[in-house]
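Below is the structure I would like to discuss, written out as structure tokens.
The values are calculated or read from the model by the stated rules, or taken from the named source; none is laboratory data. Since this is a predicted model, take the numbers as computed values, not measurements. Every residue, glycine as well, gets a Cβ built from its backbone with ideal geometry; the counts of neighbours run over all protein chains shown. SASA here: full protein model, heavy atoms, side chains in, ligands and nucleic acids out. Shrake-Rupley method; radii C 1.70, N 1.55, O 1.52, S 1.80 Å.
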Protein chains: 6
Amino acid sequence: MRGKDKATALDLGAPATLEPDMQAYFAKCMEKLGFVPNVLQAYAFDNAKLRAFILMVDDLMLADSGLSKLEREMIAVAVSSVKHCHYCLTSHGSAVRQRAKNPEMGELIAQNYRAADLPPRQKAMLDFAVLLTEAPDKIEEADREELRSLGFTDRDIWDIAAVAAFYNMSNRLAAATDMKPNREYYYQMREQIDAETPIRATAHRMPSPAARSREQSSAKRRRPRAE
Amino acid sequence: MRGKDKATALDLGAPATLEPDMQAYFAKCMEKLGFVPNVLQAYAFDNAKLRAFILMVDDLMLADSGLSKLEREMIAVAVSSVKHCHYCLTSHGSAVRQRAKNPEMGELIAQNYRAADLPPRQKAMLDFAVLLTEAPDKIEEADREELRSLGFTDRDIWDIAAVAAFYNMSNRLAAATDMKPNREYYYQMREQIDAETPIRATAHRMPSPAARSREQSSAKRRRPRAE
Amino acid sequence: MRGKDKATALDLGAPATLEPDMQAYFAKCMEKLGFVPNVLQAYAFDNAKLRAFILMVDDLMLADSGLSKLEREMIAVAVSSVKHCHYCLTSHGSAVRQRAKNPEMGELIAQNYRAADLPPRQKAMLDFAVLLTEAPDKIEEADREELRSLGFTDRDIWDIAAVAAFYNMSNRLAAATDMKPNREYYYQMREQIDAETPIRATAHRMPSPAARSREQSSAKRRRPRAE
Amino acid sequence: MRGKDKATALDLGAPATLEPDMQAYFAKCMEKLGFVPNVLQAYAFDNAKLRAFILMVDDLMLADSGLSKLEREMIAVAVSSVKHCHYCLTSHGSAVRQRAKNPEMGELIAQNYRAADLPPRQKAMLDFAVLLTEAPDKIEEADREELRSLGFTDRDIWDIAAVAAFYNMSNRLAAATDMKPNREYYYQMREQIDAETPIRATAHRMPSPAARSREQSSAKRRRPRAE
Amino acid sequence: MRGKDKATALDLGAPATLEPDMQAYFAKCMEKLGFVPNVLQAYAFDNAKLRAFILMVDDLMLADSGLSKLEREMIAVAVSSVKHCHYCLTSHGSAVRQRAKNPEMGELIAQNYRAADLPPRQKAMLDFAVLLTEAPDKIEEADREELRSLGFTDRDIWDIAAVAAFYNMSNRLAAATDMKPNREYYYQMREQIDAETPIRATAHRMPSPAARSREQSSAKRRRPRAE
Amino acid sequence: MRGKDKATALDLGAPATLEPDMQAYFAKCMEKLGFVPNVLQAYAFDNAKLRAFILMVDDLMLADSGLSKLEREMIAVAVSSVKHCHYCLTSHGSAVRQRAKNPEMGELIAQNYRAADLPPRQKAMLDFAVLLTEAPDKIEEADREELRSLGFTDRDIWDIAAVAAFYNMSNRLAAATDMKPNREYYYQMREQIDAETPIRATAHRMPSPAARSREQSSAKRRRPRAE
């Protein structure tokens, strides 16, 4: 059985001596989170691998984007739910709870986003991310068109795809190495919210009335409905 | 229909003005390959995303590792075969043909690595990469033990996992954006090899006799065999 | 959109006038839990259906059994994880947290029981429950033998099967009706536990030394191991 | 090898002394069927489990419902076909043959209901039951709307869901225990019917002309058709 | 809706004028079976296609082989069960009932051959046929070795593969064209057999004691067993 | 390990003495191809099996049909891609390259036909062939109607089905026997084509303007589109 402080089931040798930028990054984690996420600890045996991972994940999750930071965390969690990734559901589930300021939303997305009462834009975003996870070979132009019809730009589509793709990667690295999440994640943002708080992710920006009417007619066209 | 020079089905705007390190990287591609791979063209709308991608892929595929460069390309191709990624099968299929100096090996891994006559070490490596692709939630300690029993160190296991995970990501980015490979890839290393050339990847290093005998008895124990 | 108090997406008419035994049961729920679980509210349109459901679930989860109550909740949650049942993961996830007195255990089983550090007996129990969920047509005598070899009696096997089968039913009733869990469940047993608490379900009873040694050799025989 | 009279592969000890209501139930089975179904024999080791099972199954299959008894048996059989449940296909296959007075209908539903020439209402009912069996996590409001558009009330939808869910349970209990059907089932209602008998389940009630026109236009809207 | 005499949902034009050998074949069907199987009626629009089909199916199912005719029908039915082929389950289900002189055996193989009490040789034969149907890309040398260890020669393995492969073809032709079986098949060999008749396919030939002991030890080695 | 000249992993004894028509057929292969395809070498242990195979494959791939020979090869390759058949992807991949006079088209269909820029008629043809391969039990009348709406006659539908079904068979015979393709196939039609050659299969016949307008409106109706 592995030692209780090990981030993974692999014995990767002593951590590397962190280079200054990496050292600073770890220090910032300690300052802001109170701990260094285990995925970073896992990568710490090699400065180059650690740096590449940090550059990529920070760009994807924190840089400017047409997707809100909450939406990007929702994608991370919905993707991680498909193949049951313990590490990512725990760490990014906490992130959804915190960014949505809503503990119930975190559970909903981690368990089954289809049970959440999401606006069509976010529902379509997660449908695309999950289809891309389950059957990337079956994605067709019509799937991109669906996103465009709900107001996503082509840059937004790139971002949805890039975030979903990234968690397909990190889910698998976590699974292959039996990566364990920091225990702090389990307890973050678990305070009960007011029963009247709508369980709904705040839309990242107000879609124009035109976009909104497109949304509605698109939803209607999608499947036949009896009145 | 998209313009014939576009790398993807998305309209991501004009390429960014490349920063000097990225400009140098593209120049090196032109010099060594005669073209800039379309995946880099696709990322070129944003210097930060492009740089993170290059740092990660070059570390994974070219840095020091217990896995040979050919073995890492074999993982890329076997993973890409699972969900039929056109971009990666074309570009990394070419890489396997070139690194193995064997056009037939490239086809074999791209079509079904189980039909290739691989040594047990490489067969197990690809079995792990494909299991990780198909059912990451079902990976258990026994799967890591199987790799160790064939002579892989824990650092090697990290590398197998990291490369397999990375192509789960890039397969999906390519699928989501309908990324097209540069046409040059189709034609690289297609010259007929001597009929006596064994269709077999060169083992990256000579396993010790002890490792070799472990291999054989492990293979034997795995499934019952009639004598 | 459904009214905020409705347990399901179906309009099943007014609740029936509860018959005295059912009325008493609801009163007991209010007294012990502070609420009536939504699954019972959903069934309350018909006394006969409600009674049959309560009789079955209480017998399965609370009657005498070779499986502890925690173990039965673990089966409920592991089964519900396979097809992402929001209602059951929320309500029975809470039950695992409470019965294990361990909030982390609840998350682990709900996300992927294979990532939990379970004793072989419980691991095999959940493996059987999940195989039965995913591929019941492929269960063979060898699967029952595996459970017997770890100390389960044939009555225990019946109970594992009956609980796993029951949650295959209630998962689907919840999915078909979009059943929503009571919001209280999200917040139960979320208090941080001591960092030294082992994340491990208490074994329901001490297996005899003989059983324990059988366990170990069985685990060993299951897959080839390096020394 | 198990004794020839055993209902399952498990050794559950001697049958319990049946309590009077259960004894009466078994007597009624003997009188009406000439045998006690093996599923009841299997449960007979415990009066409480037996009673809960009988209460639930009799309510589902025999109580008042907007679904005919034949339609409920069709759901049982279509669900049991998905994962190849020998016990349920044999016993409920016989029930479909008998209730439809049509031996061919029993085979059709047991083999592949899509090959039967069913009215749209029954086709949609079985499509929902099978989708709920295969992918409960992907059920959405549009699936319920489809049933409503074909004239099903919300209570009917509950009943479709409840019957389909129940056979997901009993299929798995049968599989886990290798339950064998009574041999009588194989031979019931095998007499050849007149070649002119339409292979079609009798509709349970006459849908109103309005409902019928909704059906047709819904079917038309469902998929594009060339004229 | 198609005319009641049409073998398929396709309108393939008038049947061709049968050439003499095909005419003779149809006459022989009428004489021996009392009808011409609908699959032949379906092919009758083209003499060349009809002849090729008949030559292949008769060679596979009736020519000399290490597999008995019953065993070949069992493969046909087990394969057809995987993807629920109505035509083949009905027609070849009847063939199993007749060749086994056992109506219950026909149902067992059509529903789930794993529930039949088959000798290890026949169980392995069907396991191979079904694995080949579900995951041909994952067949490995060890699967062929398993068959050899149970006494099958390499020619027998060819025959198992060829029959299983053929029904993967005809299942799909039947599905694509909605082929309907002749109604006579439903009623053939439905007479009740003596309760003492073992539900077991007659072994095609007596395996030598050596083969038998290999069988037993192979079965034992396959999965760990408690004593 | 098998001898280097063996077509399969099976030891099927010496080839039969070929009967005159078969001998002539092999001679013609030598003359036209320069080799006898290994699938024929594999069958050569038995004249009757060899003849039935040749009659069927030649009728399917070379006889008159509403499908061009290239289209039939495209079906063979798209089907073989689903389950990764090394033999068929290699041999029929070469056939697509040659018949399309386009090496890139061969790779595209072998890797993922959805990435090829095919006209709607050919896209629908391959969609049907692949659905028939993956889920034959779910084919419904609407799937045939879709083909008819794109101009396929019922005889064409038979041919699509028959070719797709046939490669479901031969894929499995190749997988079961580990059949190896002749090495010549790897190198055929690998010469670089002009960069301006459209990567597009030549349509087999000019659809009438009416058919073309049906195509477009059908494609539009199929999925909602934003303008």
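Looking only at segment B:171-184, which residues are polar (S, T, N, Q) and within 7 Å of chain A (Cβ to nearest Cβ)? Show your work before the answer.
Of segment B:171-184, the ones polar (S, T, N, Q) are B:171, B:177, B:182.
Matches in segment B:171-184: B:171, B:177.
Say whether the condition of being small (Gly, Ala, Ser), open to solvent by 20 Å² or more (accessible area, probe 1.4 Å), out of contact with any His (no Cβ under 9 Å at 6 or more places or on another chain) and on the phi < 0 side of the Ramachandran plot is met by at least one residue in segment D:69-80. Full working, then the answer.
Residues of segment D:69-80 that are small (Gly, Ala, Ser), as a first pass: D:76, D:78, D:80.
Those still in the list that are open to solvent by 20 Å² or more (accessible area, probe 1.4 Å) too: none.
No; the residues of segment D:69-80 include none that is small (Gly, Ala, Ser), open to solvent by 20 Å² or more (accessible area, probe 1.4 Å), out of contact with any His (no Cβ under 9 Å at 6 or more places or on another chain) and on the phi < 0 side of the Ramachandran plot.
Name, by its number, the condition in (1) surrounded by 19 or more Cβ atoms within 10 Å (Cβ to Cβ); (2) out of contact with any Lys or Arg (no Cβ under 8 Å at 6 or more places or on another chain); (3) not in a loop (DSSP other than H, G, I, E, B) that does not hold for residue F:155.
The number of the failed condition is (1).
Another one. I'd like to verify a number: residues in segment D:1-14 that are more than 13 Å from chain C (Cβ to nearest Cβ) and more than 23 Å from residue D:92 (Cα to Cα), how many?
Applying the first criterion (more than 13 Å from chain C (Cβ to nearest Cβ)) to segment D:1-14 yields D:3-5.
After this cut, where a residue has to be more than 23 Å from residue D:92 (Cα to Cα) as well, the list is D:3.
Number satisfying all stated conditions: 1.
Let's see how each residue does on (1) open to solvent by 10 Å² or more (accessible area, probe 1.4 Å); (2) under 20 Å from residue C:68 (Cβ atoms); (3) at pLDDT 95 or above; (4) among the aliphatic types (A, V, I, L, M):
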position: C:117; (1), (2), (3), (4): yes, yes, no, no
position: C:121; (1), (2), (3), (4): yes, yes, yes, no
position: C:129; (1), (2), (3), (4): no, yes, yes, yes
position: C:132; (1), (2), (3), (4): no, yes, yes, yes
position: C:135; (1), (2), (3), (4): yes, no, yes, yes
position: C:140; (1), (2), (3), (4): yes, no, yes, no
position: C:160; (1), (2), (3), (4): no, yes, yes, yes
position: C:166; (1), (2), (3), (4): no, yes, yes, no
position: C:174; (1), (2), (3), (4): no, no, yes, yes
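Then there is this: Filter segment B:21-68 for residues that are open to solvent by 30 Å² or more (accessible area, probe 1.4 Å) and of a type in the set (Asp, Glu) and give the result.
B:21, B:31, B:46, B:58, B:64 - these are the residues of segment B:21-68 that are open to solvent by 30 Å² or more (accessible area, probe 1.4 Å) and of a type in the set (Asp, Glu).
Which residues, counting only those in segment A:110-150, are in contact (Cβ under 8 Å) with a residue 24 or more places away in the chain, within 23 Å of residue A:61 (Cβ to Cβ) and out of contact with any Asp or Glu (no Cβ under 7 Å at 6 or more places or on another chain)?
Residues satisfying the conditions are A:110, A:111, A:113, A:116, A:118, A:119, A:126, A:129, A:130, A:132, A:133, A:134.
Given the structure, is residue F:190 at pLDDT below 95 and either buried (at least 19 other Cβ atoms within 10 Å of the Cβ) or within 9 Å of another protein chain (Cβ to nearest Cβ) (or both)?
Working: at pLDDT below 95: no; either buried (at least 19 other Cβ atoms within 10 Å of the Cβ) or within 9 Å of another protein chain (Cβ to nearest Cβ) (or both): yes.
No: the conditions fail for residue F:190.
Another question about this same structure. Scan segment F:92-110 residue by residue and report those that are open to solvent by less than 10 Å² (accessible area, probe 1.4 Å), among the polar types (S, T, N, Q) and out of contact with any Ser or Thr (no Cβ under 8 Å at 6 or more places or on another chain).
Answer for segment F:92-110, where residues must be open to solvent by less than 10 Å² (accessible area, probe 1.4 Å), among the polar types (S, T, N, Q) and out of contact with any Ser or Thr (no Cβ under 8 Å at 6 or more places or on another chain): just F:94.
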